Every structure is written in C-alpha cells, then in structure tokens.
Amino acid sequence: MISVESLRVEFGVKPLFADASFVVNDRDRIALVGKNGAGKSTLLKILCGQQQPTSGVVSIPNDTTIGYLPQVMILQDNTTVREEARKAFADVTKMKERLDRMNQQLSERTDYESAEYMTLVEKFTQEHERYMMMGAENNEAEMERTLVGLGFERSDFDRPTSEFSGGWRMRIELAKILLQKPDVLLLDEPTNHLDIESIQWLEQFLAQSAKAVVLVSHDRAFINHVSNRTLEISCGRIVDYKVRYDEYVTLRKERREQQLRAYENQQKEIAEMRQFIERFRYQATKAVQVQQKIKQLEKIVPIEIDEVDNSAMHLKFPPCLRSGDYPVICDEVRKAYHRVVFDHVNLTIKRGEKVAFVGKNGEGKSTLVKCIMGEIPFDGQLKVGHNVQIGYFAQNQAQLLDENLTVFETIDRVAKGDIRLRINDILGAFMFGGEASDKKVKVLSGGERSRLAMIRLLLEPVNLLILDEPTNHLDMASKDVLKEAIRAFDGTAIVVSHDREFLDGLVTKVYEFGGGKVKEHLGGIYDFLQTKEIRELSELENPVRTGRTASPLPTDKKSAPDGLTADNNSSARNASYAERKERQKQLRKAEKAVEQSERKINDMESRLKELDNLLMNPENASNMELVTEYTSIKRALDEEVERWEQCSEEMERLSSNI
C-alpha cells in the first residue's frame, strides 16, 4: 500500500533518521516506537503527505486512501455530534445525489432506444452497484455504533460539539476517520483521550475491521494487543521487527547485547591498531604496515548502540510523617450540578493502599478527587485522616510553576539531600535531558509543564498521593520510573487513569464510577476487567447500560415516603380551585427558576472549559486576567449550584402537592 525508499529527514546538523526503507502492507498492524523526539510523529506526517522529507521517496497508489489522526488538530464547533460524524460520508452523499439526478433523468426521458439512454442506464447501474457495495444504506447504524463504542451516549448525538471538551471532540474526529474506512490508518496517540472501555472497543475495531494501521502510542497494553509488527526509530535509523510489541522488546534486548559485544570488539581492534601505529610510526621497516593500519582505521564505521532505556533508574519519594490508619473515609457522599454526578458513595481507603478510580469520562472521578481535596462543596460526610499530607497532581497544577525559573532550577528548589546530585538523571528520565533542562518554564508546552509538575511532586514529602491522569504526557520509560516510584511509596495512593498497563501490578483495589454510583472491586485492574466482562454477559437482556446516564434532577428518597402520592392526590381533590391555581403558579415559577439556573450553570461550565484550554497554552499560563476570571467563575458556579439545589427541592415539594 505504501512504499518508503531511502527516506531522510533533517531539521538540524544531525538527521532524525536516514536511509529508511520499508513497506506498509495490507493487514499490517505496525507499532511505531522510539524515544520522544526520535521522529515518530514526523514520519506519520510524511506518510500522509503533510510534510516533505529531505530526500527519499514515498510511493502511494492513486486509489489508496489514508486516514490520519494527529495528536493536536483544529476542531469544529458549529455542528452537532451527529452532523459532524456524518461528514465522514461526504463522498457517499455526493454519490447518492448523482444517483438521484440520473434516476430523475431516466424517469423523464422517453428515448429508450437511443445510445445516450443506454449509456445513462449502464452508468446508473454501475454507480448503484458501487453505492450498494459501499454499504451506504447502513451508514447511520454504523455511525451510531462507532460513536457509542467511543463512549458517547445516544442522547449526546444531537448536542452541539461546542458543549464537549477537547478530548471528547477528538473522539468525534477519530470516529469520522474510522467511518471513512481508509486503506491505511495513521494514528498518533489515539488513546490519550479515551477511557478503558473505549480503548478496548478501539482495540477490537483495529484488530477486526481496519485494513492497515500505523500507530504511535505510549499505552503498552494497547499497542501490544493491536500490533503484529514493530518499527523502531533508533540512532537515526528505522529498524523493522516483524513481531508484535512484546516480542520486539525481547528481540531489541538481544539486539542491543549483540551491539554491545560488537562495539567492545571494535573498540579493542581500534585500540590495537592505534597501539601498533604509535609503536612503529617512526620505524622505516614498518612504514608500509603503519600506513595500512592508518587506512584501515579511517575506513572503520563506528558501531552505534541503541539508546539506553532510562526506565532502570530508581526514584523514591522522600520520607514523610506516618498518617492515620484511614486516610480517606466517605460516608453517603453526594455531588450534583445540573445532574447527579454520584450519590450514596461509601468507601474507606486504608493507609498504604494503592487504589484506582476508573470509569468513563464525566462520571465523577476527578469530582470526587476535588471533594477529597476540599476544593468543591458536597453532601454527606468525607473525612481525611490524621496527619495526612496530600500530594496532588492534575493538569492545572502545571500552571502554578514559576515561569522565570529554568527546568533545572524548578527541581533544584524542591530537591533535598542526596537526590540533588541526581537531578540531571531524573530530568532525563522525564524527557528533559541535555539542553532541555536549561529551558525557561515560560517557553514549555502544556505537556512539558505537566511532566515538570510531576517531577516536583515526586520530590515532595507526602503520605497521600492523588494522581489525576498522570501518564498522558509521559513516554514508556518515564511511566516505568513513575510506576516503580509509586509502588515503592510507603504511603497511600489514589490513581485516576485509563492506562491498564500502568495500573497493572500497581493497584490492589479498583473503584468503578458509573451511573451515579461508585462500586468497589477488590483485586488488580485486570481482575476488575475480567469481573466486569462476566457481569455484562449476565446482563445482556438488561436494557439499562452502565454509563454516563443520570437523572437531570437530583432525587432524595427521604422526600418521597410510601403513601405520599395518594395522600397528596386526595388533598388536591379536596382543595379549592383557587388554591390549586396558586400552587400551579408557584410551581411554574419554581420550574422557571430551575431552568434559568441550569442555563447559567451550563454557560459557566462552558466558559471554564474554554479557560482551561487557554491556560494550557504556554503564552497564557501566567495571564492573571484569565486566572482571575477562572477563579471568579468557579466561585460563582459553586454558588449557583447551591441555588439550583434549593430551587430543585422547592420545585419537587410543589410538584408533589399538585
């Protein structure tokens, strides 16, 4: 499908890669791997034609279609989810319009015996057969299956895309690309914005339905389940391993051991040659041999060794005070905005436990974290234990860094003791090696700031660690360093993540968020997934699907005891017409107040999302106007939510008396 010959890409003195040749065949599932900055995303851009190489040839047949999902893209905000997804069928829609026009011509013309009429019939037949072979009649159903597979509810289909966060809109773009059924799929970090269920669905889709795939991902489990071939960019070359990712790791280790042995032998040979040259340089009887040795030395091509994986480096959290036996206890915790996020949450996290919060996006994982942190109000009892010192990582933590410091200075100010001697090693493990450590914080991207904030957290003395999607901007080596540090951490850890490989062997308890509830599952992440599959099979006939479904209005069981409806109906029948009229008027007023409050909440939440996206850009990170606006809207939102709850309770009380 795609043939690459003698590809070379240069941005500076040293090329990213050179003399790269390979072929992408039908049914290939290629994992493109290499350290950050090796050129993986650049290679994908070259394959899809968005970027030109310095030299070399990329041959793609004219009838081969390519679908490309970049890490960052410009998203549309002026349509609904359904309308945006339908754009994937633009060519089919045009074909349908052509068929309709030809069909109309056939019905209007009467020159049945003419050559032009027969030509039109033949053309219509061919186009119609092609239309039916494309399965165009099933496009709507296929679109719905894809959107649901990527985590959308059917109630989301007619919502404007502007109501969704950047991550959800990236899912829409991924859905469009999958629906186009290209011959070659180029996917750059497709799992960054997906939850565990959506990742599993994408794995199955790529394994069963896709033709050829080239993907870049730091989700080790994902690429291992999908790939059947691995291309590694290392030392400026592209090495083709005809095996899946796990087998590649083994072969790469063996390859590096061979390189080391060859390198050592070459260095020994070079040393012997130089020793001979130095020893006999001034002896006339050895002049010919010396010149031969010099020529041999000049012809030697140095053996390069693949980059060393820094994941072997060990990193430990500094010691901290011992916390109480139960760092977090939730008793009937409830949180609602314009809908119930979760209710009746009861959980106890013991000292030293490592637990995971999992579930679809929007089900309340980060919300409960904010409740634990005391950042937002809630109902019920939530107790943080004695002597608990919390270390919290979230994306907005990156905005709190001092922009005038360098990367090295930022870490040097929090590092204590012997760890200060290893700052450069730590920075290298998190992709800040070499000159990158001298960069000012203000020139870093949002992802780089997040990684820097993560390193700071690793060096602070805490006994309760809360990490909200910590692996989104880390490569595999950095994730291994972080995972080992958390595993060796003698405190308590709460990890909000969709990365199964990262959670595997790290957590011993999983809390599942869904449908307004939080369920506890004992065991690791794969124990949880296995249990979940068994439970879903037993509930196939149950039409209620666990997901982002919640009542638009909060309910309170205490406000609806048995018999209340009958009594109220009886009192309503006995009430005078004027009293009923007044109650209906009050109810309409309360409904209007709830509706207005919900609109305000939606507007404020939308603006907060916009501000979040703005503050992630380096040039806006220190914009105090945006920070002030964000803080004031956050405060106003909390007040409006409380007002909405009061109005809703009043509306429920009035409606029960009508």
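Observations on the structure shown:
- Checking E625 against (1) open to solvent by less than 60 Å² (accessible area, probe 1.4 Å); (2) modelled with pLDDT under 80, the condition it does not meet: (1)
- Each residue in segment 410-426 was checked for being in contact (Cβ under 8 Å) with a residue 12 or more places away in the chain and touching a helix residue (DSSP H, G or I) at 6+ places or on another chain (Cβ under 7 Å), and 7 of them qualify.
- Of residues in segment 73-116 being modelled with pLDDT under 80 and touching a strand residue (DSSP E or B) at 6+ places or on another chain (Cβ under 9 Å), the one least open to solvent (accessible area, probe 1.4 Å): D77
- Residue satisfying condition, being open to solvent by less than 80 Å² (accessible area, probe 1.4 Å), more than 30 Å from N138 (Cβ to Cβ) and of a type outside the set (D, E, K, R), within set P61, P70, P15: P15
- If you go through segment 18-38 and pick out every residue that is open to solvent by less than 60 Å² (accessible area, probe 1.4 Å) and among the basic types (K, R), you end up with 1.
- Test: residue in segment 39-51 that is more than 20 Å from A212 (Cβ to Cβ) and surrounded by 17 or more Cβ atoms within 10 Å (Cβ to Cβ): yes
- A single entry from L400, L368 fulfils the requirement of being more than 22 Å from the chain's Cα centre (by Cα) and within 26 Å of M454 (Cβ to Cβ): L400.
- Exactly one residue among D183, D240, D219, D246 is crowded, with 22+ Cβ neighbours inside 10 Å and not small (G, A, S), and that residue is D219.
- Residue list for segment 431-457, filter: part of a helix (DSSP H, G or I), more than 20 Å from N472 (Cβ to Cβ) and open to solvent by 30 Å² or more (accessible area, probe 1.4 Å): G434, E435, D438, K442, V443
- Of everything listed in (1) open to solvent by 30 Å² or more (accessible area, probe 1.4 Å); (2) at pLDDT below 85, the single unmet condition for D195 is (1).
- Flag for K295 being surrounded by fewer than 12 Cβ atoms within 10 Å (Cβ to Cβ) and within 28 Å of the chain's Cα centre (by Cα): no
- Single unsatisfied condition, R322 versus (1) under 30 Å from I486 (Cβ atoms); (2) surrounded by 14 or more Cβ atoms within 10 Å (Cβ to Cβ); (3) at pLDDT 85 or above: (2)
- Strands (runs of 3 or more DSSP E) within segment 325-430 that include 1 or more residues open to solvent by less than 40 Å² (accessible area, probe 1.4 Å), at pLDDT 90 or above and out of contact with any His (no Cβ under 9 Å at 6 or more places or on another chain): 328-336, 340-349, 354-359, 379-384
- Of all residues in segment 231-245, one or more are under 26 Å from I60 (Cβ atoms), aromatic (F, W, Y) and in contact (Cβ under 8 Å) with a residue 40 or more places away in the chain.
- Test: residue in segment 175-198 that is among the basic types (K, R) and part of a helix (DSSP H, G or I): yes
- The residues of segment 492-504 that are in contact with a Gly (Cβ under 7 Å, 6 or more places away or on another chain) and part of a loop (DSSP other than H, G, I, E, B) amount to a single one, D504.
The values are calculated or read from the model by the stated rules, or taken from the named source; none is laboratory data. Nothing here was measured: the structure is a model prediction, and the numbers come from that model. Neighbour counts run over all protein chains shown; Cβ positions are idealised from the backbone, glycine included. Side chains are part of the model used for accessible areas, which takes the heavy atoms of the whole protein and leaves out ligands, DNA and RNA. Shrake-Rupley method; radii C 1.70, N 1.55, O 1.52, S 1.80 Å.
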